[in-house]
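*Asks:* Mind having a look at this structure? Questions to follow.
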Amino acid sequence: MINTHDELLKELVDGFSKRLADNLAGSVLAMAREIAQAKESTEFLTMKEMQEFLSISPSKAQEMTNLKGFPVYRVGKLLRINKAELIDWIRQNGASE
């Protein structure tokens with residue numbers, strides 16, 4: 001049982017501090033996830049890296065880059081594939097070999 005005004009105040013401050021710390025920890029964790037996700041979304045793969053990542057043949061990789069909506073970017077003669085977009089594309093379109 002709380003006997004004094006000071007003890008009540010201390011209990012209120014302690015409770016508030018704990019909730020504030022929990023909220024701050026949650027916010028920091030959410031921010032760290034967003035940063036990791038943003039970093040992943042800027043990772044681009046070469047054709048060879050995509051082949052290795054998906055364990056597919058060079059001809060299958062080339063075939064995929066010609067599909068409508070496939071996340072491939074052409075930089076001159078070079079092809080680059082955004083890794084996060086590739087994963088999303090596979091989830092939406094399914095994987096077939």
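The values are calculated or read from the model by the stated rules, or taken from the named source; none is laboratory data. In this text, all values refer to a predicted model and were calculated from it rather than measured experimentally. Neighbour counts are summed over all protein chains in view; Cβ atoms, including those assigned to glycine, are modelled from backbone coordinates with ideal geometry.
*Asks:* Taking only the stretch 54-77 into account, find how many residues are surrounded by 14 or more Cβ atoms within 10 Å (Cβ to Cβ) and hydroxyl-bearing (S, T, Y).
*Replies:* Total satisfying the criteria: 1.
*Asks:* In addition: Working only within the stretch 63-83, note down all residues that are under 12 Å from T46 (Cβ atoms) and either at pLDDT below 90 or assigned to a helix (DSSP H, G or I) (or both).
*Replies:* T65, V75, K83
*Asks:* Step by step: first the residues of the stretch 84-97, then only those that are assigned to a helix (DSSP H, G or I) and loosely packed, with under 10 Cβ neighbours inside 10 Å, then the one that is farthest from the chain's Cα centre (by Cα). Which residue is that? Reasoning before the result, please.
*Replies:* Filtering the stretch 84-97 down to residues assigned to a helix (DSSP H, G or I) leaves 84-93.
From what's left, loosely packed, with under 10 Cβ neighbours inside 10 Å: 91-92.
Numbers: R91: 14, Q92: 16 Å.
The extreme case among them is Q92.
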